[in-house]
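First the structure, in the form of structure tokens, and then the observations on it.
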Amino acid sequence: MEHTVVDNLIPAIVTWIAERDGYVTKTKLLKLLYLFDVEYYRYHRCTFTAFAWEFFHLGPSAPEYDRVLTGLLAHGILSEQQRSNSPECETAFYKPTKRVETRRPFVKVNDESILLEVLHRWGTRTTGEILNYVFFQTEPMEAAIRNQPLDFSLISTERPAVYSRSSSGKSPSDVLKLRTKFERQQEEKKAKERRPFTFTPPKYDEDYFKAMGKLETT
């Protein structure tokens, strides 16, 4: 097998995810490679994989990907596990046959850091979450035309802001008191729901019995 930088990158990604009890499918792995190339381009103005990325059915795709993946499987660097035998739902999950550290594909430590940032954010996410981000929040896909090459030159040198919740401004003790109060209220609510239902008989007055008497005589 002709050696490329991706031959170490893919096993490193799969190893990292497997060690955190995550899963890797063919689609998820491809999108993680794309996300890494996006962030690598942000720093270096070139991609790491040198894949010819284009907009295909499920977003970013690369003609080189299948060949590289097939080679890794054929040479026993990755193993494939079938989780479903149904033709309508055939899904392959990949595992590393031996541990490959994330620093192995790189000469510079800073480049490993780029990969680790991507993996920490997306490595254990679902494929659906990754696809949603890839489609709507990565610059090459925002201007993509189906079946056409992706334009990585659109990637800003500044990283997009990552959403984070703002602080409430309350002290840890205040937060603890509020949490305790909330939990107590929830327990009281559950206790009320567990109480047996008690039937209260209706009270019948004189007008009720007069009305019922008229109905029975009609």
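Just so you know, all these numbers are worked out from the coordinates, no wet-lab data involved. Everything numeric in this text was worked out from a predicted model, so none of it was measured. Glycine gets a Cβ as well: all are built from the backbone with ideal geometry, and neighbour counts include every protein chain shown.
Fewest Cβ neighbours within 10 Å first, please rank 16, 122, 53 accordingly.
If I rank by nearby Cβ atoms, fewest first, I get 122, 16, 53.
Does the stretch 6-154 come out rounded, prolate or oblate, given a ≥ b ≥ c as the square roots of the eigenvalues of its C-alpha gyration tensor, rounded meaning a/c under 1.5 and, failing that, prolate meaning a/b above b/c?
Since a/c reaches 1.5 but b/c is at least a/b, the shape of the stretch 6-154 is classed as oblate.
Treating only the Cβ atoms of Lys and Arg (+1) and Asp and Glu (-1) as charged, compute the dipole magnitude of the stretch 6-154 about its Cα centre; round to the nearest 20 debye.
That gives a dipole near 340 debye.
Starting from the amide H of residue 52, placed 1.01 Å from N in the peptide plane, find each other amide H under 5 Å away whose residue is 5 or more places distant or on another chain.
Result for residue 52 returns 64.
Round to the nearest 0.05 the FRET efficiency obtained for residue 136 and residue 174 when R0 = 35 Å and r is the Cβ-Cβ distance.
My answer for the efficiency is 0.40.
Taking K and R as +1 and D and E as -1, what net charge do the other residues with C-beta under 13 Å from the C-beta of residue 141 add up to?
Once positives and negatives cancel, what remains is -3.
Are there any GluC sites (Glu not before Pro) in the stretch 24-104 that are in a DSSP loop and have at most 13 other Cβ atoms within 10 Å? List them by number.
Of the GluC sites (Glu not before Pro), the ones in loops of the stretch 24-104 whose Cβ has at most 13 other Cβ atoms within 10 Å are 90, 101.
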